[in-house]
Amino acid sequence: MSVFRDDILAGKVAFVTGGGSGICKGITRAFLAHGAECAIVGRKADRLAEAAAELEKETARACLAVPADVRDPKLVEAALDATLDRFGKIDIVVNGAAGNFLCPAAALSYNGFRTVMEIDTLGTWHVTRAAFERGLRDRGGVVINISATLHYAATPLQMHASAAKAAIDAMTRNLALEWGSMNIRVNAIAPGPIDDTEGMTRLAPKDMKDKLEKAVPLGRFGTVEDVANAALFLASDAASYVHGEVFVVDGGAWLPGMAGAFSMG
Ligand code: HXC
Ligand code: NAP
């Protein structure tokens, strides 16, 4: 049961990278359930098609699977063109495609660093730039970049992902500055630890879950729906004056910092 009116995105078309799984599948589900039509992007064509079929069945709204690797601008352009052929326009872009793994900087290869930067940072730019040329510039719209909080302090074994997401935050603010006059609202969401996702499976061993949850001020990991609700808000007219913001959805997880070393009672 949603806390939002079910037609807040009626008539909108969203292009969601990473929409075939995890957090961005949840965002796509929420957009569809609130009136939008969606295209989802990922490299694994079979998983993407399955996700689109599942979401269409569940929400009775159109969801198009457009396989592409966001590292290749030509493939990104083709995916956007396929979306325009099907739906006629794109109002909302969600840049959620990302790659990550735990690795100490001392062991990280040139290509390991490049790969994460290419998927997260360059991928976000490729999609945003190509969507700008395919309608955002002339009609306006909403861009939501999926960031993280890794780089607010420093996170061990995460130099590559931290650098990639810090660049995405910078891009978010700069584009907000330059594109606001074209009625393109640009924001980001920085999720904290989100339960039952590939990201958390890769970064946090299951046997540490209890301990990690206790370190979150709200006492639990987030849900995919927590992030989807933030995306719905940012995509909707309720956020019509929210621009250049990185919206942290983490239950306060990044706040404690050194506090962990002191007694908090
Ligand atoms: C060290 C690694 C590595 C690892 C890959 N590499 N995995 N290095 N430790 N565990 C290195 C490889 O050795 C290689 O460098 C380079 O990275 C590219 O690897 P490929 O396997 O060829 O890359 P590719 O097939 O393009 O796959 C990209 C990927 C993969 C990122 C490596 O894991 C992927 O497709 N991930 C997508 C799904 C995902 O990661 N979801 C989680 C997002 S969560 P060399 O030098 O050997 O050639 C997230 C959370 C953020 O972003 C914050 C959470 C709190
Ligand atoms: P996920 O399910 O693995 O999502 C990543 C998606 O990106 C997948 O659908 C993947 O599909 C797609 N993708 C990866 N590389 C791609 C490429 N080169 N081209 C096109 N698509 C690509 O992981 P998640 O945990 O839900 O993460 C989703 C987003 O939230 C990411 O931006 C992540 O950084 C962010 N985040 C997650 C957490 C968390 O707790 N999970 C915390 C902070 C931030 P294919 O494999 O089919 O390409």
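Scan region 56-91 for residues that are closer than 22 Å to G35 by Cβ, in contact with a helix residue (DSSP H, G or I) (Cβ under 9 Å, 6 or more places away or on another chain) and not β-branched (V, I, T) and the total you get is 12.
Of the helices (runs of 4 or more DSSP H) that lie entirely inside region 28-126, those containing 2 or more residues that are in contact with a Ser or Thr (Cβ under 8 Å, 6 or more places away or on another chain) and without any contact (Cβ under 8 Å) to a residue 40 or more places away in the chain span 45-59. Out of all the residues in region 1-25, which are within 19 Å of the chain's Cα centre (by Cα) and either surrounded by fewer than 23 Cβ atoms within 10 Å (Cβ to Cβ) or more than 10 Å from ligand 2 (Cβ to nearest atom) (or both)? Once the filter is applied, which keeps residues that are within 19 Å of the chain's Cα centre (by Cα) and either surrounded by fewer than 23 Cβ atoms within 10 Å (Cβ to Cβ) or more than 10 Å from ligand 2 (Cβ to nearest atom) (or both), region 1-25 yields L9, K12, V13, A14, F15, S21, G22.
Scan region 27-45 for residues that are within 20 Å of G99 (Cα to Cα) and either more than 17 Å from the chain's Cα centre (by Cα) or surrounded by fewer than 23 Cβ atoms within 10 Å (Cβ to Cβ) (or both) and the total you get is 3. Sub-7 Å Cβ pairs linking a first residue in region 199-215 that is within 19 Å of V227 (Cα to Cα) to a second residue that is more than 13 Å from ligand 1 (Cβ to nearest atom), at least 6 apart or interchain, are E213/G219; E213/R220, ordered by first then second residue.
Does region 29-57 hold any residues that are small (G, A, S) and closer than 16 Å to G11 by Cα, and which are they?
The first filter runs over region 29-57 and keeps only residues small (G, A, S), leaving 30, 33, 35-36, 39, 42, 45, 49, 51-53.
Scanning region 29-57 gives A30, A33, G35, A36, A39.
Scanning region 34-50 for residues that are among the hydrophobic types (A, V, I, L, M, F, W, C), over 10 Å from V66 (Cα atoms) and in contact with a Phe, Trp or Tyr (Cβ under 9 Å, 6 or more places away or on another chain) gives a single hit, C38.
Looking only at residues that are in a helix (DSSP H, G or I) and under 15 Å from the mean Cα position of the chain (by Cα) in region 127-147, which one is nearest to ligand 2 (Cβ to nearest atom)? Filtering region 127-147 for residues that are in a helix (DSSP H, G or I) and under 15 Å from the mean Cα position of the chain (by Cα), the one nearest to ligand 2 (Cβ to nearest atom) comes out as V127. Anything in region 191-236 that is among the acidic types (D, E) and either part of a helix (DSSP H, G or I) or within 7 Å of ligand 2 (Cβ to nearest atom) (or both)? List them, or say none. Within region 191-236, E198, D207, D210, E213, E225, D226 qualify.
Here the condition is being within 17 Å of the chain's Cα centre (by Cα) and crowded, with 16+ Cβ neighbours inside 10 Å; of L84, L55, L48, it holds for L48 alone. The numbered conditions (1) closer than 20 Å to L157 by Cβ; (2) among the charged types (D, E, K, R); (3) in contact (Cβ under 8 Å) with a residue 60 or more places away in the chain are all true for E225 except (1).
None of the figures in this text is laboratory data; all of them are computed from the coordinates on show. Predicted model only: the values in this text are computed from it and were never measured. Cβ sites come from the backbone with ideal geometry, for glycine too, and all protein chains shown count toward neighbours.
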